[in-house]
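Take a look at the structure set out below.
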Amino acid sequence: MSRGIPRIQDEPAFVVHRYDWSESSLILETFTRHFGRVALVAKGAKKPSSNFRPVLLPLQPLYVSYSGDAEIRTLKGAEWVGGHIMPTGEALLSGYYINELLLRLLARDDPHPSLFDLYRQVVQVLASGHEGTIAPALRAFELLLLRDIGFLPELNAQTLTLAALQPDALYVLVAEGGLRTHNAQDRTGLAGNVWLQLHDSLSTDAPFTATLRLCAEMPPEQRNALQGQLRALLHYHCGVKTLRTRQMMIDLQSL
């Protein structure tokens, strides 16, 4: 007896990117909870009469059903879960930024259920409309994303020597060397006690909430220094100097 075509029902998902496939259809890059990044073809989704048309939006929680065993599966159904409105302004651009990180750093069909839950939390924060939470939420997401995919070293010791951090000494996070002491060539650094606090927040039972709170309480100069080091690390692993969404945000701010 031949095996049937695999079919997935009511899988929690977000659309992280979409592009035209034909005059009437779309290719979707989705982030699902149990299967990771999955590419789907939404046939007829661009037609005015399509039930998919008002549902397949970015940063909106969905249940999707699909079938197939090829690289690109076929979308059979999509239902909006609800729970929050679409982010706007800076929050919307920030949402596109975290989507680009997922596209560049996650392989298809590689499950990351805890990262999916984190993504859902960040999207809820962005949709809340509180501007003061956007930057702390992005820093928390970047840290937890890097940890989930194995690119973040332990933040309670120097990576190469395993030497303990001194609370008042400066340290930097670099792509090839991990966490090391600050030197004269480094533009920014963070004190050892800050890295230790980040390590502790990431180790709690609710790491996103704890790290979000810690980043929100940081003085602006500390948060900016952390942002610069995390962005450099992310760009290194993404293989780009500047992400497209990041450049868009810079261009808009310059206007």
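The values are calculated or read from the model by the stated rules, or taken from the named source; none is laboratory data. These numbers come from a predicted model, not from an experiment. All Cβ positions, even for glycine, are placed from backbone atoms using ideal geometry, and neighbour counts span all protein chains on display. Remember, those area values only see protein heavy atoms, side chains included, never the ligands or the DNA or RNA. Shrake-Rupley method; radii C 1.70, N 1.55, O 1.52, S 1.80 Å.
Output the residue which, of all residues in region 157-178 that are hydroxyl-bearing (Ser, Thr, Tyr) and under 19 Å from Leu230 (Cα atoms), is least open to solvent (accessible area, probe 1.4 Å).
Tyr171
Any residue in region 98-124 that's under 19 Å from Tyr63 (Cβ atoms): show its pairings with residues that are assigned to a helix (DSSP H, G or I) and open to solvent by 50 Å² or more (accessible area, probe 1.4 Å) at Cβ separation under 7 Å, as long as the two are six or more apart or on different chains.
His112/Asp148; Leu115/Asp148
Sort out which residues of region 112-121 are closer than 23 Å to Val41 by Cα and exposed (fewer than 15 other Cβ atoms within 10 Å of the Cβ), and write them in order of number.
Result: Pro113, single match.
Output the number of the condition that Ile27 fails; it satisfies all remaining conditions of (1) at pLDDT below 95; (2) open to solvent by less than 20 Å² (accessible area, probe 1.4 Å); (3) within 23 Å of Gly239 (Cβ to Cβ).
Answer for Ile27: the failing condition is (1).
Taking Thr188 as meeting all but one of (1) touching a His at 6+ places or on another chain (Cβ under 8 Å); (2) β-branched (Val, Ile, Thr); (3) in a loop (DSSP other than H, G, I, E, B), write down the number of the exception.
If we test Thr188 against (1) touching a His at 6+ places or on another chain (Cβ under 8 Å); (2) β-branched (Val, Ile, Thr); (3) in a loop (DSSP other than H, G, I, E, B), just (1) comes out false.
If you take the residues in region 179-214 that are of a type in the set (D, E, K, R) and touching a strand residue (DSSP E or B) at 6+ places or on another chain (Cβ under 7 Å), which one is least open to solvent (accessible area, probe 1.4 Å)? Before the answer, list the steps.
Pass one, region 179-214, residues of a type in the set (D, E, K, R): 180, 186-187, 200, 205, 213.
Checking which are touching a strand residue (DSSP E or B) at 6+ places or on another chain (Cβ under 7 Å) leaves us with 180, 186.
Details: Arg180: 69, Asp186: 31 Å².
Filtering first and then ranking leaves Asp186.
Run Tyr97 past the list (1) of a type in the set (Ser, Thr, Tyr); (2) assigned to a loop (DSSP other than H, G, I, E, B); (3) under 28 Å from Val16 (Cβ atoms) and report the number of the one that doesn't hold.
Every condition holds for Tyr97 apart from (2).
What is the residue count in region 81-95 for residues that are touching a strand residue (DSSP E or B) at 6+ places or on another chain (Cβ under 7 Å) and either surrounded by 17 or more Cβ atoms within 10 Å (Cβ to Cβ) or modelled with pLDDT of 95 or more (or both)?
Let us first name the residues in region 81-95 that are touching a strand residue (DSSP E or B) at 6+ places or on another chain (Cβ under 7 Å), namely 81, 95.
Filter once more, so that each one left must be either surrounded by 17 or more Cβ atoms within 10 Å (Cβ to Cβ) or modelled with pLDDT of 95 or more (or both): 95.
Number of matching residues: 1.
Within region 204-243, count every residue that is modelled with pLDDT of 95 or more, more than 19 Å from the chain's Cα centre (by Cα) and either over 22 Å from Thr181 (Cβ atoms) or β-branched (Val, Ile, Thr) (or both).
Matching residues across region 204-243 total 3.
Condition test on Phe116, is it in a loop (DSSP other than H, G, I, E, B), at pLDDT 95 or above and of a type in the set (Phe, Trp, Tyr)?
Criteria not met by Phe116.
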